[in-house]
Amino acid sequence: MVNKSFRSLRNQHDDNFWPTFTDLLTGILLVILLIFLFYVMLENERLAALEEEIIDKQLLIEEQEEQIERITGLRTDIITGLQLEFESSDIPMEIDPNTGAIIFDSELLFDYGESALKQASKEQLQNIIPRYISVLYDDQFREQIAEIIVEGHTDDEGSFMYNLTLSQERAFSVVQYLLGEEIGTYEHKEQLKTDITANGRSWSNLVYDSDSGEVDPDKSRRVEIKFRIAYELDFDSLEHKLQSSD
């Protein structure tokens, strides 16, 4: 009878144990499933955000490419206009076929180591600049000209700071003459006052001889007058956004 009672208690205990273990196991599996689903949800959100970022970057790249096309097309049109304006001229200056900058040998404008314009150079500038400006400020280009820059460049003789000062003073002398009374009045002179800047570059952009690979001091000493297109400002902004998103 004792054995019968013991077996009865054991069977009762086993009947209670297995449902409890099953419930515990079910609960554990449910927790694991919830954790798995949580991480799946996080990964889906991460992938969605990554996809959105890729789409945004692609749109920026496409916009940047459109800006490049606009800049290239507009600059090409301006350069063509400049070449037509000066094609029959014997004025000693060069038009860069890639940028549209006009380049003056500094010996034409200044004595060696000096920043005061030669009298003869003033006559050349008086002849060249109004024509150059008239092309840039033509009705089809005027709204897109953001800046006109006069840059002074030197050779690498002497310290960088000495040449920086010299190149800046030379650029300033050119601007001072172009906006002063001595040159007289010409079309777009007032507009030029709002757009022109003077920069000295020292010997940061030297010109090298194509054969020897050595610095060409004569060509390095120069003054460049160049223009900046408004689209280029938008391009710089887009480029900054792309770099920030990396």
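Here are some notes:
- Overall form of the range 76-162 per C-alpha gyration tensor (a/c, 1.5; a/b vs b/c): prolate
- Around the amide H of SER202, modelled in the peptide plane, lie the amide H atoms of THR154, SER167, GLN168, all under 5 Å away and 5 or more residues distant in sequence or on another chain.
- Each residue of the range 74-91 was assigned a 3J(HN,Hα) from its phi angle through the Karplus curve 6.51 cos²θ - 1.76 cosθ + 1.60 (θ = phi - 60°); the sequence is 5, 4, 4, 5, 5, 4, 4, x, 5, 5, 5, 5, 10, 5, 9, 8, 9, 5 Hz, with glycine and proline shown as x.
- For the range 121-135, 3J(HN,Hα) computed residue by residue from phi via the Karplus equation (6.51, -1.76, 1.60; θ = phi - 60°) reads 5, 5, 5, 5, 5, 5, 7, 8, 4, x, 6, 4, 5, 5, 6 Hz, glycine and proline entered as x.
- Between the range 160-235 and the range 42-58, the Cα center-to-center distance that results, in Å: 46 Å
- Anisotropy class of the range 115-212 from Cα gyration tensor, a/c 1.5 cut: prolate
- Accessible surface ranking that places the most exposed of SER134, SER204 first, with a 1.4 angstrom probe: SER204, SER134
- With an a/c value of 1.5 or above and a/b larger than b/c for the gyration tensor axes a ≥ b ≥ c computed over the alpha-carbon atoms, the range 43-187 is described as prolate.
- Accessible area per residue in Å² at 1.4 Å probe, computed on the range 114-155: 42 Å²
- The string of couplings for the range 206-222 from the Karplus curve (6.51, -1.76, 1.60, θ = phi - 60°) is 6, 9, 10, 5, 5, 8, 8, x, 8, 5, 9, x, 5, 6, 5, 7, 7 Hz, one whole number per residue in order, with x for Gly and Pro.
- Heavy atoms of THR80: accessible area, 1.4 Å probe, square angstrom to 10: 60 Å²
- Local electrostatic count, GLU45, Cβ distance below 12 Å [Lys/Arg +1, Asp/Glu -1]: -2
- With a Förster radius of 41 Å applied to the C-beta separation of ALA146 and GLU43, the computed FRET efficiency comes to 0.35.
- The loop-placed trypsin sites (Lys or Arg not before Pro) in the range 111-186, going by DSSP, that have at most 14 neighbouring Cβ atoms within 10 Å of their Cβ come out as LYS118.
- Net charge contributed by nearby residues that have their C-beta within less than 13 Å of LEU117 (K/R +1, D/E -1): -3
The values are calculated or read from the model by the stated rules, or taken from the named source; none is laboratory data. Source: prediction; values computed, not measured. As a convention, Cβ positions derive from the backbone with ideal geometry for all residues, glycine included, and neighbour counts pool all protein chains shown. Note: areas computed on protein heavy atoms with side chains; ligands, DNA, RNA excluded. Shrake-Rupley method; radii C 1.70, N 1.55, O 1.52, S 1.80 Å.
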